[in-house]
Structure formats: C-alpha cells, structure tokens
Amino acid sequence: MPESVEEFYARVLAATDEHGRLPILDNQMPGWDIFPYETDTLRLKPLQPLLDREPDRKGEDPAECSCQHGLPSSRDERVIWSNDRWSLLALEGGIPIVALLMPHAHHDLADLPRDLAAELGQLTVAIAAAVEALPSVGRCHVARYGDGGAHFHLFFFGRPARAGQFRGSTLVDWEENLPRLPLDVAAANATFVAETIATAYGGAVTPVASA
Ligand SMILES: [Zn+2]
Ligand SMILES: [Zn+2]
C-alpha cells in the first residue's frame, strides 16, 4: 500500500530545524553550477502545515472555465497558431518564447480523451522542433504544472542558446528576472514558431500584430 501524504509529510517535517526550516542541500541541485542563487545567504521558508484539502483552481467548475468564452483567457496571452482542437498561445516573457498549448474542449491532462492524447504527442514534437529552430534558442523545455488552472495547459520555454547558466529546471527562476522581450522581437519569434508548426504539422497561423 503506497504511503499517505501525512506519512510523507511527517518524514519531511522531521528533517526541519527548530524554526521549521529545511537545510539547503548542497549535494543536490543547490550545489550544481546552474543553480541561480548563492547558497551562503540563502534559506528556505519555514515549512507550512498541509492544507485541509487541495484548493480549487481557476476553471475547476467547467461551467465557469474561461474556455466557455473561447481562448485566450487573459490579456497577456495571444493565440499564435490553432487547429480545430488546439490553440498555441504566446505569453510575455524574458526569453525568446514562452508558449502554452491548450485543447479547446475542457479537459485536464489526466482526463484527455485518447484521440486528443495522441495528437498531444505529435503536437509536442512539432512545437518543440519549431521552438528549437529559432536561432536564439538552444533547447525547448516542456512543463505541465496544472496547479493554477484546471483547463489543461502545457508550457514550452525557449531556453536561450549558449546561455550555460540557464540550462535545466531553474530557467524559469532566471526568466522571471530577465528584461521583457521587446514586442517586435516577441512577435517575430512567435510568427516564426507558428509558421514552422503549420508547415510541419498543419493548422493555421494567427497573424500577430507587432507593437
Ligand atoms: Zn476549460
Ligand atoms: Zn498553470
């Protein structure tokens, strides 16, 4: 029988100090050269107790999800590519591209129907290839968190080429602190990615207004 979360949590809590803080583990990622922070002055926030239950996310009730009114759902997102079932949205950011893939129908990852799940695999490959074809990108990072919104959304991050410090999962920590991309640069990158996907996979490019 897999352990309960209370058992998991009790073990973590047992590793905290008298202030409820876990130590920084230098033999784990904090000791890697790509870790963005200097560890001598770094400390973790005290561990908080478990929540009573998983909090509701945006769109947890499908009737109230923004997909009822069509994508995009916020002003800093814009659709750059779509087909009948999926849209790819570009977000503002400090790296060459941050894009979000979302199905038009209301699903989360764990309840995607098989046909959409199969297309997700093919689209993931096509989008990653298009992002990696950008001259300023060294690798496409792919992530699903799902803790904020119930409507499935998969992130694609274009990690700047030859930026050795930005490799790995802490790219997103760096990204939050990089200057925002100029609008014309973001538009040119988004258009290039959308056109590359349309050529390789199909679907339609959404014209992007540059500034
Ligand atoms: Zn939805
Ligand atoms: Zn999210």
Loop GluC sites (Glu not before Pro), segment 112-211 (other Cβ atoms within 10 Å of the site Cβ: 12 or fewer; DSSP): 176
Sum of side-chain charges, residue 133 neighbourhood, beta-carbon under 13 Å (Lys, Arg +1; Asp, Glu -1): -1
Distance between segment 146-194 and segment 34-106 - C-alpha centres, whole angstrom: 12 Å
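Write down the accessible area per residue of segment 1-53 in Å², having rolled a 1.4 Å probe over the full set of protein chains.
Working: 4730 Å² over 53 residues.
Ligands and nucleic acids excluded, the result is 89 Å² per residue.
What's the magnitude of the charge dipole for the chain around its Cα centre, counting Lys and Arg as +1 and Asp and Glu as -1 at the beta-carbon? Answer in Debye, nearest 20.
Numbers: 17 positive and 30 negative charges, 135 e Å.
It works out to roughly 640 debye.
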Neighbour cut-off at most 13 other Cβ (10 Å), DSSP loop, chymotrypsin sites (Phe, Trp or Tyr not before Pro), segment 9-99: 32, 37
Accessible surface of segment 65-205, 1.4 Å probe, proportion on carbon and sulfur as whole %: 53 percent
Spin-label pair residue 83/residue 129, simplified geometry with 7 Å Cα→Cβ offset, distance in nm: 1.3 nm
Residues whose placed amide H lies under 5 Å from that of residue 139, excluding near-sequence neighbours: 159
Spacing of the two label points (7 Å from each Cα toward its C-beta) at residue 165 and residue 110, in nm: 3.8 nm
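Go through segment 1-61 and name the GluC sites (Glu not before Pro) that are in a DSSP coil and have 15 or fewer other Cβ atoms within 10 Å of their Cβ.
Working: sites: 3, 6, 7, 18, 38, 60; in loops: 3, 18, 38, 60.
Passing sites in segment 1-61 are 3, 18, 38, 60.
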Approximate spin-label separation residue 52-residue 155, in nm, with each point projected 7 Å along Cα-to-Cβ: 3.0 nm
Hypothetical label at residue 45: residues of segment 134-158 whose amide nitrogen lies under 20 Å (7 Å Cα-Cβ projection): 145-149
Unit charges at the beta carbon, dipole of segment 1-53: most positive-side option, 41, 13, 24: 13
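For segment 65-205, report the accessible area per residue in Å² (1.4 Å probe, heavy atoms, rounded to an integer). Don't jump to the answer; show the numbers that get you there.
Working: 6820 Å² over 141 residues.
I get 48 Å² per residue for segment 65-205.
Just add up the charged neighbours of residue 62: K/R +1, D/E -1, any other residue whose Cβ is under 13 Å from the Cβ of residue 62.
Values: positive: 57, 58; negative: 56, 60, 61, 64, 108, 111.
Residues close to residue 62 contribute a combined charge of -4.
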Shape call, the chain: gyration tensor on alpha carbons, a/c limit 1.5: oblate
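The values are calculated or read from the model by the stated rules, or taken from the named source; none is laboratory data. None of these values were measured; they are calculated from a predicted model. With ideal geometry, Cβ positions are generated from the backbone for all residues, glycine too; neighbour counts draw on all protein chains shown. SASA here: full protein model, heavy atoms, side chains in, ligands and nucleic acids out. Shrake-Rupley method; radii C 1.70, N 1.55, O 1.52, S 1.80 Å.
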